[in-house]
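Written below as structure tokens is the structure these notes are about.
No value in this document is a laboratory result; all are computed from the given coordinates. Since the structure is predicted, the reported quantities are computational estimates derived from the model, not experimental observations. Every residue, glycine among them, receives a Cβ derived from its backbone with ideal geometry; neighbour counts consider all protein chains shown.
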Amino acid sequence: MANGIRPQPGIMDIALYVGGASQLAGQSNVLKLSSNENPLGASPAAMQAFARAAHDLHRYPSTDHAALRVAIGDVWGVDPARVICGVGSGEILKLLAEAYAGPGDEVVFTEHGFSMYPIYAHACGATPVVVPERDRMVDVDAILAACTDKTRLVYLANPANPTGTMIPEAEVARLAAGLPPQALLALDGAYAEFVADYDAGRALVEARDNVIMSRTFSKIYGLGGLRIGWAYGPQAVIDVLNRLRGPFNLSAAALAAAEAAMRDTAHTDRCRIENARWRDWLAAGLAELGVPSDPSSANFILARFASPAEAQACDVYLQSQGIIVRQVAGYGLPHCLRITVGDESACRRVVHAVAQFKGSR
């Protein structure tokens, strides 16, 4: 610009994030399977709490999120004082970069990791460091080899998006133990609730001072439209993040709905069971058609095609049938499509459409 106004270095290196599409021109019966949303929706208790909150829209929300943090503590067995709530888990992951990384520092993540990780790094002027995966699986040794005295933050999604793969808890612990002393491990557990009997890193957070775990209400809880997340970490880290977050970052309605959703464990359990059932069915059905996928621990599968051209052609065909899935070429997986696990009718519709596509070639 002629007037000399310039953004901070690194900002213009950011590629704009593109969310999953939700509409198709000329299609009325659109099936959206591009954003990993819960087909069973939010808990009825959460919807009732949200409706009740309408009576107090003129009031400012809580600044300390105390009721929600207590609910999280009760359900997940964590200390509410060490919980922070944010606008989705994304706000918390971004705050971590702002708090602990800057120019001259490095932020590490794997090649198929969530596409916001490099954006968080660039936004604070840090250098993103991309680490190769091995057959779409996180390689702990590769991450440790990439760490230097400049590494300040390591992002790890487990289960991972868009691959759906997951590394054992022992490997996560080995990663945390091997990091340089100035580095913090951020465990992104957006899909953790889809894994039965998984603490998403809680024990590791309590055993160490260099690990923080984040979660979201956007996936299994079905509250993506309200943008709520939380994290559990060392008290010192939580105190730092609370100095950066806005005091009114979450609305009263969002807080009320999230608290009710967290306490409705029966709904969460039902969603987990139904997801596992139809995820396995969908994966098996596509595999029979010659479209394999790695075992997924999330609410989607990463369908692999013979070539990028076939994946793109299948995506076009699915769109012609009113089905929206997610192209993942931007994640370095041009031969794949990420398909959200829907309900029974959605999964059967996808397999039928892919069968038609395969039969037409």
Q: Sort Thr268, Thr127, Thr216, Thr340 so that the residue with the fewest other Cβ atoms within 10 Å of its own Cβ comes first and the one with the most comes last.
A: Thr127, Thr268, Thr216, Thr340
Q) Under 5 Å between amide H atoms, partner at least 5 residues away or on a different chain: which partners does Asn161 have, H built in plane at 1.01 Å? A) Phe114
Q: Treating cross-link reach as a plain straight distance, find the lysines whose alpha-carbon is under 24 Å from the alpha-carbon of Lys150, omitting any fewer than eight places away in the same chain.
A: Lys94
Q) Within a Cβ distance under 15 Å of Asp149, other residues only, what is the Lys/Arg minus Asp/Glu net charge? A) 0
Q. Which distance in Å, rounded to a whole number, links the C-alpha centroids of the stretch 52-72 and the stretch 157-213?
A. 29
Q: With springs only between Cα atoms under 10 Å apart, run a GNM on the chain and tell me which of Pro181, Pro295, Pro118 wobbles the most.
A: Pro181
**Q.** For Val211, distant residues with modelled amide H under 5 Å away
**A.** Leu185
Q.
What does DSSP give for the chain in terms of the percent of beta bridges that are antiparallel, rounded to the nearest 5?
A. 45
Q. Just Gly164, Gly229, Gly77 to compare: in a GNM of the chain, with alpha carbon springs under 10 Å, which one fluctuates most?
A. Gly77
Q: For Lys32, list the lysines whose Cα falls under 27 Å from its own Cα; do not include residues on the same chain fewer than 8 positions away.
A: Lys219, Lys358
Q. So which residue, out of Asp209, Asp79, Asp141, gets the largest mean-square fluctuation from a GNM of the chain using Cα contacts under 10 Å as springs?
A. Asp141
Q | Mean separation of Cα contacts under 8 Å (6+ apart) over length of the chain, as relative contact order % | A | 24
Q. Taking 0.36 nm per residue of separation and subtracting the Cα-Cα distance, what length does fully extending Asp239 through Arg348 add?
A. 34.5 nm
Q: Using a cut-off of 14 Å between beta-carbons, work out the net charge of the residues near Ile301 (Lys and Arg +1, Asp and Glu -1, Ile301 not included).
A: +3
Q) What does the charge dipole of the chain about its Cα centre add up to, to the nearest 20 debye, if the Cβ of each Lys and Arg holds +1 and the Cβ of each Asp and Glu holds -1? A) 820
Q) For the chain, what is the calculated [θ] at 222 nm in deg cm²/dmol (nearest 500), taking -39500 (n - 2.57) for each run of four or more DSSP H residues and dividing by its residue count? A) -12000 deg cm²/dmol
Q: Excluding Ala186 itself, calculate the net charge of residues whose Cβ lies under 11 Å from the Cβ of Ala186, where each Lys or Arg counts +1 and each Asp or Glu counts -1.
A: +1
Q: Just check the stretch 44-264 against the gyration tensor rule for me: Cα atoms, a ≥ b ≥ c as the square roots of the eigenvalues, rounded for a/c under 1.5, and otherwise prolate or oblate depending on whether a/b exceeds b/c.
A: prolate
